[in-house]
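J.: Below are the structure tokens for one structure; questions will follow.
The values are calculated or read from the model by the stated rules, or taken from the named source; none is laboratory data. Just so it is clear, the model here is predicted, and its values are computed rather than measured. So basically every Cβ, Gly included, is an ideal-geometry build from the backbone, and we count neighbours across all protein chains shown. Just the protein is used for accessible areas: all its heavy atoms, side chains included, with ligands, DNA and RNA removed. Shrake-Rupley method; radii C 1.70, N 1.55, O 1.52, S 1.80 Å.
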Amino acid sequence: MKIKNILIVGKPGCGKTTLVKDISKDLNSKISGFYTEEMREKGKRVGFKIKTLDQKEGILAHIDLKTPYRVGKYKVNLKDLEEIGVVSIEKAIKQKKIVLIDEIGKMELFSDKFKKAIIEALNSENRVLATIMLKKNSFCDRIKKRKDVKIFYLKRANFEEIKKEIEKILLS
């Protein structure tokens, strides 16, 4: 089976988001979707933004949100995840672009709409470029076992090499 879905795993801070942002700049109009970014106040991380490649932005998680969904000290904002992240996935599929998803992780998995959009993207004709949690998780483990998936384990030392290999696959 042809590889059409690319997943990037790695320890926190190894550069997964930087990698997908770099690739999305290089692929420009061929890719659509979202990435996440840290929110900092006085040098401390207080949350995460969700940003689409077409410039929409929201809050994925923050220490001060009022919501029952939490991962550690961060409370997860399902509304922005679904209205910004999920919508950007659906839009990328409709536009026949490479679907960028950063990331498939603990916070995002609180949303059934998000999980449904992931499966829809993976099953579509579109190629998918996603970062996914390293730790065991039944939903993520099923995705990682798919025959149409190639997993890259990112470390700072192999960043450039992996970037070149992923771009080659996505452009082939």
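J.: Got at least one residue in region 52-66 being part of a strand (DSSP E or B), open to solvent by 40 Å² or more (accessible area, probe 1.4 Å) and not charged (D, E, K, R)?
T.: Within region 52-66, one or more residues are part of a strand (DSSP E or B), open to solvent by 40 Å² or more (accessible area, probe 1.4 Å) and not charged (D, E, K, R).
J.: Could you list, ordered by first residue, the pairs with Cβ atoms under 8 Å in which the first is in region 37-57 and touching a residue at least 40 places away in the same chain (Cβ under 8 Å) and the second is outside any strand (DSSP E or B) and surrounded by 16 or more Cβ atoms within 10 Å (Cβ to Cβ), at least 6 apart or interchain?
T.: Phe48/Met107; Leu53/Ser24; Leu53/Ser88
J.: Same structure again: If you take the residues in region 5-29 that are part of a helix (DSSP H, G or I) and among the β-branched types (Val, Ile, Thr), which one is most open to solvent (accessible area, probe 1.4 Å)?
T.: In this case the residue turns out to be Thr18.
J.: (1) in contact (Cβ under 8 Å) with a residue 40 or more places away in the chain; (2) in contact with an Asp or Glu (Cβ under 9 Å, 6 or more places away or on another chain); (3) of a type in the set (Phe, Trp, Tyr): which one isn't true of Phe114, the others all being true?
T.: Going through the list (1) in contact (Cβ under 8 Å) with a residue 40 or more places away in the chain; (2) in contact with an Asp or Glu (Cβ under 9 Å, 6 or more places away or on another chain); (3) of a type in the set (Phe, Trp, Tyr), Phe114 breaks only (1).
J.: Can you spot a residue in region 89-107 that is closer than 17 Å to Thr17 by Cβ, assigned to a helix (DSSP H, G or I) and modelled with pLDDT of 95 or more?
T.: yes
J.: Give the number of residues within region 150-164 that are more than 21 Å from Ile118 (Cα to Cα), open to solvent by 80 Å² or more (accessible area, probe 1.4 Å) and not in a loop (DSSP other than H, G, I, E, B).
T.: Total satisfying the criteria: 5.
J.: Does region 102-112 contain at least one residue that is in contact with a helix residue (DSSP H, G or I) (Cβ under 6 Å, 6 or more places away or on another chain) and polar (S, T, N, Q)?
T.: Scanning region 102-112, I find at least one residue that is in contact with a helix residue (DSSP H, G or I) (Cβ under 6 Å, 6 or more places away or on another chain) and polar (S, T, N, Q), so the answer is yes.
J.: Also: Going by the structure shown, is Lys147 surrounded by fewer than 18 Cβ atoms within 10 Å (Cβ to Cβ), basic (Lys, Arg) and touching a residue at least 60 places away in the same chain (Cβ under 8 Å)?
T.: Yes: the conditions hold for Lys147.
J.: Another question, then. Taking the stated definitions as given, is Phe152 more than 10 Å from Asn5 (Cβ to Cβ) and touching an Asp or Glu at 6+ places or on another chain (Cβ under 8 Å)?
T.: It is true that Phe152 is more than 10 Å from Asn5 (Cβ to Cβ) and touching an Asp or Glu at 6+ places or on another chain (Cβ under 8 Å).
Residue-wise test of (1) modelled with pLDDT under 95; (2) among the β-branched types (Val, Ile, Thr).
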site: Lys11; (1), (2): yes, no
site: Thr18; (1), (2): no, yes
site: Ser24; (1), (2): no, no
site: Ser29; (1), (2): yes, no
site: Tyr35; (1), (2): no, no
site: Val46; (1), (2): no, yes
site: Lys51; (1), (2): no, no
